[in-house]
Each structure stands twice: as C-alpha cells, then as structure tokens.
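J.: Pasting in a structure now, in structure tokens, and then I'll have a few things to ask.
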Amino acid sequence: MISLKNQIVVITGASSGIGSACARVFAGAGAKLILVARRLDRLQQLADELSKEFSIETYLLQLDVSDRHAVESSIISLPPAWSAIDILINNAGLSRGLDKLHEGDWQNWEEMIDTNIKGLLYLTRYIVPGMVTRGRGHVVNLGSIAGHQTYPGGNVYCATKAAVKAISEGLKQDLLGTPIRVTSVDPGMVETEFSEVRFHGDRERAKKVYQGVQPLTPEDVADVIFFCTTRSPHVNINEVILMPVDQA
Ligand code: NDP
C-alpha cells in the first residue's frame with residue numbers, strides 16, 4: 001500500500017455525496033485536497049470540518065466543470081504549492097429527466113453531456129499533461145453501472161456513463177508506457193442527493209425505484225476509490241463495479 005500523505009488530490013463534485021466522502025477518506029490519509037464544485041459554501045463547510053478533524057490543507061475551487069475556459073484558467077492559475085497534482089478524481093456528475101427519449105428535454109440532455117462527459121474531459125485534458133511531465137499520477141473516473149446496462153428513461157444518462165467507460169479505457173491506452181494509472185469506478189445505486197436530483201423531487205417515483213434495495217453509501221464508494229489509489233505503483237485497477245447486494 002502506498003502512502004497518500006501530502007499527495008495532492010483533486011476531487012470534483014466534492015460538495016456532496018461520493019465526492020465529500022472521498023474528501024474525508026483522503027483527508028484521513030493526510031492528503032492535500034483541491035475541492036471542486038459550484039457551491040462554495042458547501043466546500044467551505046467541508047474544508048473547515050476537515051482541517052479541524054485531520055489538520056490537513058485544502059484549496060477550494062468554485063468551478064463549473066462544464067465551462068472549458070474556467071477549467072483551463074483555474075488549473076493554470078493554481079498556486080505553485082498546489083499545481084503538482086497526484087490524483088484526479090473525476091466525480092462531478094448528474095442525472096436529469098428519466099423521460100422517454102422521444103419525449104425528452106434537450107436541455108436535460110445537454111446538461112448531462114456537458115457535465116458528465118465534457119467536464120471530465122476538460123479536467124483530464126488540463127491536469128494529465130502535468131502528471132506525464134512529472135512521471136506520476138492517477139486518474140479515477142466515476143462511471144456507473146448505467147454505463148453497462150440501460151434502464152427505462154435512462155437513455156442519455158446511460159450514454160454519458162458508457163462514454164465515461166470508453167474514455168477511461170481510451171485514456172489507459174493513451175498513457176501506456178507512462179506510470180500514470182487510470183481507474184473507472186462504476187457503482188450501482190448510492191444513497192446521495194443524486195437520487196433526489198434524479199427525480200426532480202419526485203419522492204414517490206424515487207421510492208419505487210429504490211424499493212427492495214439497500215443502496216450503497218457514499219463511504220462504500222470512497223473506500224473502493226481509496227483502495228484503488230493506494231495499491232503498489234505497478235498495479236492498475238482498470239475498472240471496479242460495485243453494487244448493492246440486492247440490486248439486479
Ligand atoms: P450528488 O448529487 O450527491 O453529487 C454530485 C456532485 O457533482 C455535487 O458535488 C455537485 O456539486 C457536483 N456537480 C454537478 N454538476 C457540476 C458542475 N457542472 N460543475 C462542478 N460540479 C458539479 O451525487 P453523487 O455523489 O451520487 O454523484 C457523484 C458521481 O457518482 C456522479 O458522477 C454520478 O453520476 C456517479 N454515480 C452516482 C450513483 C448514485 O446512485 N448516486 C450511481 C453511480 C454513479 P455542485 O452542485 O455544488 O456543483
């Protein structure tokens with residue numbers, strides 16, 4: 001197991017759910033965290049908690065990952081003490097709609113594609129070159145079981161996660177010959193704010209989908225990400241699918 005002490009870890013979507021849980025696990029291991037999301041108040045609250053509990057340093061980036069110029073300038077203008085990024089966790093993502101494709105809302109499609117695919121691409125594009133130059137690094141992409149199997153109304157969200165799977169595999173190929181590692185972590189249902197967002201506050205619909213399933217916790221997923229990033233440097237865990245026991 002390798003030590004994460006003082007490693008610089010970027011976590012997108014750190015203001016809730018899986019991203020916040022990752023921040024806690026990596027903080028506990030002594031990493032230095034760059035926390036990314038649009039809701040700065042949430043990031044500030046998390047950073048305050050982490051610095052009190054673990055005495056670690058954090059750097060907050062209020063950023064919309066789907067804004068390419070903002071991503072580029074934020075990464076370029078990181079202070080020197082924060083620029084040598086060791087681990088990138090591309091976690092920011094969302095689901096909108098759940099409508100039949102032929103009745104769907106193009107604004108929902110664009111938001112999912114812009115965040116889940118383009119946002120992940122932009123962060124990767126601006127951070128990985130530094131990893132290659134320094135000869136070390138690890139990219140962890142949050143895919144989903146939705147990238148492997150579709151469900152009714154999941155059309156575009158599933159497509160974005162299938163894209164994440166392809167991008168992770170492609171990036172791994174592109175980085176062959178370097179020590180940079182690439183992992184796709186693909187969970188089934190996780191109990192986060194995502195589930196409420198997914199149903200636009202339609203609790204009845206959400207309840208039906210989750211019926212009979214004890215969802216994963218964000219900590220379950222963070223635990224797997226931590227495992228993947230702490231293996232010996234010659235070990236690359238390409239893909240992990242983790243599911244609730246009772247989810248088909
Ligand atoms: P949450 O809704 O709890 O968290 C999503 C995070 O993404 C928030 O921190 C949000 O921050 C951030 N985010 C969304 N859009 C943007 C944006 N444009 N720019 C920057 N940050 C953004 O959901 P989860 O923790 O569950 O989701 C994390 C990842 O896990 C997602 O990629 C999701 O697809 C994936 N996943 C989730 C599953 C689940 O069942 N929950 C199952 C499988 C995969 P803010 O709004 O402050 O910007």
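The values are calculated or read from the model by the stated rules, or taken from the named source; none is laboratory data. The structure presented is a predicted model; accordingly, all values stated were derived computationally and were not measured. Heads up, the Cβs are rebuilt from the backbone with ideal geometry, glycines too, and the neighbour counts pull from every protein chain shown.
J.: Pull up region 3-22, narrow it to residues that are more than 11 Å from the chain's Cα centre (by Cα) and within 20 Å of V128 (Cα to Cα), then point me to the one that is farthest from the ligand (Cβ to nearest atom).
T.: Among them, the one singled out is N6.
J.: I need a count of the residues in region 72-90 that are assigned to a helix (DSSP H, G or I) and within 16 Å of the ligand (Cβ to nearest atom).
T.: Looking only at that region, the number is 4.
J.: While we're here: With a cut-off of at least 1 residues that are under 18 Å from T124 (Cβ atoms), name the helices (runs of 4 or more DSSP H) lying wholly within region 142-242.
T.: Those helices (runs of 4 or more DSSP H) span 155-174, 218-229.
J.: Could you run through region 120-139 and say how many residues are within 16 Å of the ligand (Cβ to nearest atom), touching a Leu at 6+ places or on another chain (Cβ under 9 Å) and of a type outside the set (S, T, N, Q)?
T.: Here the count works out to 4.
J.: Inspect all residues belonging to region 4-27 and state whether any of them is surrounded by 15 or more Cβ atoms within 10 Å (Cβ to Cβ), modelled with pLDDT of 95 or more and of a type in the set (D, E, K, R).
T.: Within region 4-27, one or more residues are surrounded by 15 or more Cβ atoms within 10 Å (Cβ to Cβ), modelled with pLDDT of 95 or more and of a type in the set (D, E, K, R).
J.: Also, quick follow-up: As an exercise: evaluate H69 against (1) part of a helix (DSSP H, G or I); (2) near the ligand (Cβ under 9 Å from one of its atoms); (3) under 17 Å from I127 (Cα atoms) and give the number of the one condition it does not meet.
T.: Condition not satisfied by H69: (2).
J.: Go through (1) under 16 Å from the mean Cα position of the chain (by Cα); (2) modelled with pLDDT of 95 or more; (3) within 16 Å of the ligand (Cβ to nearest atom) and name the single condition E49 misses.
T.: Unmet condition: (1).
J.: Exactly one of (1) within 12 Å of the ligand (Cβ to nearest atom); (2) in contact with an Asp or Glu (Cβ under 8 Å, 6 or more places away or on another chain); (3) in contact (Cβ under 8 Å) with a residue 60 or more places away in the chain is unmet by S168. Its number?
T.: (1)
J.: Here's a follow-up. With the condition kept exactly as written, say whether any residue in region 213-221 is under 16 Å from A92 (Cβ atoms), crowded, with 16+ Cβ neighbours inside 10 Å and within 12 Å of the ligand (Cβ to nearest atom).
T.: Yes, region 213-221 has at least one match.
J.: Ok, one more. Can we say S195 is under 22 Å from I113 (Cβ atoms), over 14 Å from the mean Cα position of the chain (by Cα), within 11 Å of the ligand (Cβ to nearest atom) and of a type in the set (S, T, Y)?
T.: Criteria met by S195.
J.: If you don't mind, another one. Can you work out which of the residues in region 140-161 that are among the small types (G, A, S) and within 10 Å of the ligand (Cβ to nearest atom) is surrounded by the fewest Cβ atoms within 10 Å (Cβ to Cβ)?
T.: Step by step, filter region 140-161, then rank; the result is A146.
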